[in-house]
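The values are calculated or read from the model by the stated rules, or taken from the named source; none is laboratory data. Worth saying up front: this structure is predicted, and the values here are computed from it rather than measured. Positions of Cβ are backbone-derived with ideal geometry, glycine not excepted, and every protein chain shown enters the neighbour counts.
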Amino acid sequence: MNEQEFRAIADAHRRELLAHCYRILGSVHDAEDALQEALVRAWRALPAFEGRSTTRRWLYTIATRTSIDVASRRRTLPLYAVAPADPNAPPPPPGETPWLEPIADELLADDAPGPEAQISTRESVAFAFLTVLQTLPPRQRAALILRDVVGYSANETAEILELSVAATNSALQRARETIAAQKTVPADPRPDPGVLARFVTACETRDVDALVALLTRDAAFSMPPLPLWLQGVDAIRTFVRGTLFAMPGMREQRFVPAAANGLPAFVIYARDEQGVERPTALDVLVVRDGRIAEIHAFVGIDVTPFVRA
C-alpha cells in the first residue's frame, strides 16, 4: 500500500474515527490531536500490517489505544460539577476545570455499527451520556464504546484493548452498570420547531418572560467555560434579566440554527465595539416533552464547524 492509497483509506474512515476519539476524550480538539497522532502511528506501522483484520478495525485499534494514552483529564459540564449559582451574584471567572466540548453534527458519521451495537450514534454523544462516560477509567470507556456503540464483538474488543476476553467483559459490565445507574431522561428526538423559533425570538428581542415560559420548572442554564449554572425558572429569570442581558455585546444578537451532539443549537452573533458582527457563543438546547430543559451556552469557542454553508 502506497501513501496515496493509505490516505484514501484514512479519509474514508476519518469522520467515524474522530467521533470515536471524541467519545473517549470529550473534546473535539483533543480528539483531532489524537486522531492525527493515530494516523501517523498507523502509517509508520503499515509495513507490519498483515491483513489479519480489516483496515477499518486496524485503524480503530490504533485510534483507541492513542486516545487511551492521552485520556488524562475527565471532562464534565458545570451542572454536574458545581453547586447551582446565586442568580444575583456576579459570574465567576473561568476556572481550571476541563469542560466537555460540543461536537458539530456535521462531524458525526453514521458509522455502520456492527450487530453488537446497543447505543445509537445520537445517544452516544448526548451530554448526559458523555458526562457519565467521562467518570469511567479510559479502558472502561473504550470497552463500552467499542461494544455498544461501534458494535465490535467481545473478541474483537479484547484484541483492540490488549486484554483478555474475561477482563474486557468485566470492564464492560462495570461500565454498563455505571451508565444504567444514571437515570437520565432522553431529549426529544425531533424538538418542536415552534419551540425553537420562539426561543430565538425571545432571545433576539430580549424578552425574558417569553424565554422563561419555554422552560421546564427545573430547567438548567450553564455557560462553559464559566463554572456556573442556574437551576429553575426563577433563578434563570433573575440571572438573564439582571446579569446576562446586561452584559456588553448582548444587544442586537442574531441566532443562526446549527446542530451539536444530536441536539438543536444556535450560533450566536453579536456586534463588537466597531459594529462588526462576530460569533460569540454556541447555545445547545435539550428539549424534553416539548419544553426546554437545559441550555448550555458555550462561550468563546470556535464555532466554525457549526456554521452551515
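Residue by residue through segment 81-104, note down the ones that are farther than 17 Å from Glu294 by Cβ and under 20 Å from the mean Cα position of the chain (by Cα). Result: Pro94, Gly95, Glu96, Thr97, Pro98, Ala104. Within the option set Ala89, Ala38, Ala34, Ala83, being of a type in the set (A, V, I, L, M, F, W, C), within 30 Å of Thr238 (Cα to Cα), out of contact with any His (no Cβ under 6 Å at 6 or more places or on another chain) and at pLDDT 95 or above holds for one residue only, Ala83. Mind listing whichever residues of segment 179-201 are surrounded by 12 or more Cβ atoms within 10 Å (Cβ to Cβ), in contact (Cβ under 8 Å) with a residue 24 or more places away in the chain and of a type outside the set (S, T, N, Q)? Those that are surrounded by 12 or more Cβ atoms within 10 Å (Cβ to Cβ), in contact (Cβ under 8 Å) with a residue 24 or more places away in the chain and of a type outside the set (S, T, N, Q): Ile179, Pro186, Ala187, Asp188, Pro191, Asp192, Val195, Leu196, Phe199, Val200.
Whether a residue is in contact with a strand residue (DSSP E or B) (Cβ under 9 Å, 6 or more places away or on another chain) and among the hydroxyl-bearing types (Ser, Thr, Tyr) was assessed, and Thr64 does not pass this test. Of all the numbered requirements in (1) under 21 Å from Pro91 (Cα atoms); (2) out of contact with any strand residue (DSSP E or B) (no Cβ under 6 Å at 6 or more places or on another chain), Gln274 misses one, and that requirement is (1). Is it true that some residue in segment 219-240 is modelled with pLDDT of 95 or more, among the hydroxyl-bearing types (Ser, Thr, Tyr), outside any strand (DSSP E or B) and not assigned by TED's automatic domain parsing to the domain that holds Val28? Looking for residues that are modelled with pLDDT of 95 or more, among the hydroxyl-bearing types (Ser, Thr, Tyr), outside any strand (DSSP E or B) and not assigned by TED's automatic domain parsing to the domain that holds Val28, one finds at least one in segment 219-240, hence yes. Among residues of segment 224-248 that are under 17 Å from Val212 (Cα atoms), those with a Cβ under 7 angstrom from a residue that is among the hydroxyl-bearing types (Ser, Thr, Tyr), sequence gap 6+ or separate chain, pair up as Trp229/Ser222.
Consider segment 179-211 and keep the residues that are within 13 Å of Pro264 (Cα to Cα) and outside any helix (DSSP H, G or I). The one that is farthest from the chain's Cα centre (by Cα) is Asp192. Considering segment 241-255, the residues that are of a type in the set (Lys, Arg) and touching a strand residue (DSSP E or B) at 6+ places or on another chain (Cβ under 9 Å) include one that is modelled with the lowest pLDDT, namely Arg251. Evaluation of His29 against the conditions (1) touching a helix residue (DSSP H, G or I) at 6+ places or on another chain (Cβ under 9 Å); (2) within 24 Å of Gln134 (Cβ to Cβ) shows that the sole unmet condition is (1). Based on what the data block shows, is Ala265 out of contact with any helix residue (DSSP H, G or I) (no Cβ under 8 Å at 6 or more places or on another chain), under 21 Å from Ala210 (Cβ atoms) and not assigned by TED's automatic domain parsing to the domain that holds His20? So Ala265 does not fit the description; no.
Looking across Leu39, Leu100, one residue alone is among the hydrophobic types (A, V, I, L, M, F, W, C), in contact with a strand residue (DSSP E or B) (Cβ under 8 Å, 6 or more places away or on another chain) and touching a residue at least 12 places away in the same chain (Cβ under 8 Å). It is Leu100.
The set of residues in segment 139-167 being part of a helix (DSSP H, G or I) and more than 25 Å from the chain's Cα centre (by Cα) consists of Ala154, Asn155, Glu156, Ala158, Glu159, Val165, Ala166, Ala167.
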